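What follows is calculated from the coordinates using simple rules that are stated; it is not laboratory data. Source: prediction; values computed, not measured. Reconstructed Cβ throughout: ideal geometry from the backbone, glycine too, with neighbour counts over all protein chains shown.
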Amino acid sequence: MTVAGPLAHAGHGAAGPTWFPLFPVALLAVGYVLAAVRDPRGWDHRRTASWLVGCALLAVAVGPLAQLPDNPSGHMAQHLLLGMLAPLGLVLAAPVTLLLRVAPPPVRRAVGRLLRARPLHLLAHPFTAALLTTGGLALVLLTPLYAAAERQPVLHHAVHLHYLAAGYLFAWSLAGPDPAPRRPGLAVRIGALLVASAGHAALAKYLYAQAETLPPGLTDRDPEAFRSAAQLMYYGGDLAELLLAAALFATWYHSRRPRPTPSPLIKRFASPEGDSLTQTP
Amino acid sequence: MVDSSLPRPRSADVRSSTLVGVLIGIAIMAAVDEIVFHQLLAWHHFYDRSTPSVALLSDGLLHAAELIILVGGFFWFADLRRRRALSNRLAWGGFLLGAGGFQVFDGVVDHKVLRLHQIRYGVHLLPYDVLWIASGAVLLLVGAAVVWWARSRRPGDGPR
């Protein structure tokens, strides 16, 4: 994934946007499918489908959408796909679980060590991740960073990579089947989703209200285009929040499913009370 | 001893059944408000120029909370049904309570206190405000009556 920036930068320039960022996306898709086929215990096809949907959304964001002439709504659609919708598909596909199943033991041990590392727990806390996604977006839209990213392709790709990484981190901190050591309880995760979504919605309306001056530092601006981009951001954010909430509560619902209970006889003998053993049925 | 180890409660959970109805009622009413008045009639504005930015943030919080409540409410509802702890009557009463409560709250706090937006623009507002808040109050009262009635006939334990 990290090769996207330099490669695309090399092709950028007189020839305009390139298709190079599609290669790492294709690599992700092919790598996952090869690993899923090799899984000795058989891999759930629904997870593979979820991964491929995520990759397809990434491909739309860095392929066709990047070919469009510069306009705020196109950038906003890219942000929604890269930072909110695609990461959810990727997280629900449980790539870490798959890696742990098919990788050789040294890699598995390294992944296990990484998952137990304190800094990762801090970084993957729902509130840290919420700050990274929504706060990162605020930083881009409210500072001259947006204008700078328009001019410098490397910065542009770095911003996109940040959207994707922070979005993945946020979705993983909230939901999904992958191992997440020290994942906080339901109330904390709901709170983080609430704060991130509220920040996103308020930011969208603020951008709509201040379209004449925001984002700062642009030479030629079209406030009307930024207003429609802000509306896309608002309703697209709603869709992403809806899907994230569904994933979050589905994880909760799944964890509360009734387990098959042992028969009364086994229960009686396993009971710590002494008198139950002396009772003859 | 055997009763205490039953895996699934056969009797309804009164508090949860009511509360889940209230949550779904709030969220459905909020969604209706959003879809009918913002999108279909376009009476409300997406953003009102006179809105201060603090109100913008509180509006964002409410809006985000509504969506989470909608999804969470339905998953909780499904969980109560799965454990056979749901009372339909209490849930319906709670639903009306929540819907009416949201309507009154929206009419009084959002429209009048915070002044986020008005029901309609370029008209005399008073009849709209009165109708909006009164209809909410009626829903609220009917919901309270249904909950009270369902709770008072619980010992009879009829079909739920």
If I model a spin label as a point 7 Å beyond the Cα along the Cα-Cβ vector, how far apart are those points for A:V30 and B:V142 in nm? 6.2
What does the structure give for B:62-74 when I average, per residue, the other chain Cβ atoms found within 10 Å of the residue Cβ? 6
So, in Å, what gap is there between the alpha-carbon centers of the range A:65-114 and the range B:126-144? 48
Arrange the following residues from fewest to most other Cβ atoms within 10 Å of their Cβ: B:S16, B:S11, A:S197. B:S11, B:S16, A:S197
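Could you put A:R38, A:R189 in order, starting from the residue whose Cβ has the fewest other Cβ atoms within 10 Å?
A:R38, A:R189
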Pseudo-spin-label distance A:L161 to B:V14, built 7 Å along Cα→Cβ, given in nm, is 6.0
Neighbour-count ranking for A:V53, A:V62, A:V37 (other C-beta within 10 angstrom, fewest to most) reads A:V37, A:V53, A:V62
Say a paramagnetic label sat at a point 7 Å from the Cα of A:S255, along Cα to Cβ; which residues of the range A:172-213 have their backbone N under 16 Å from it? A:172-193
So which DSSP H runs in chain A come out at 30 Å plus along the axis (Cα) with average Kyte-Doolittle of at least -1.0? A:153-174, A:186-209, A:223-255
Take the Cα atoms of chain A, build their convex hull, and give its volume per residue in Å³. 163
Among A:L80, A:L239, A:L169: highest mean-square fluctuation, GNM of chain A, C-alpha pairs under 10 Å: A:L239
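If you filter the range A:14-97 for chymotrypsin sites (Phe, Trp or Tyr not before Pro), then keep DSSP loop positions with at most 16 other Cβ within 10 Å, what is left?
Within the range A:14-97, the qualifying chymotrypsin sites (Phe, Trp or Tyr not before Pro) (loop, at most 16 other Cβ atoms within 10 Å) are A:W19.
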Please compute the average number of Cβ atoms from other chains found within 10 Å of each residue's Cβ in peptide A:233-246. 3
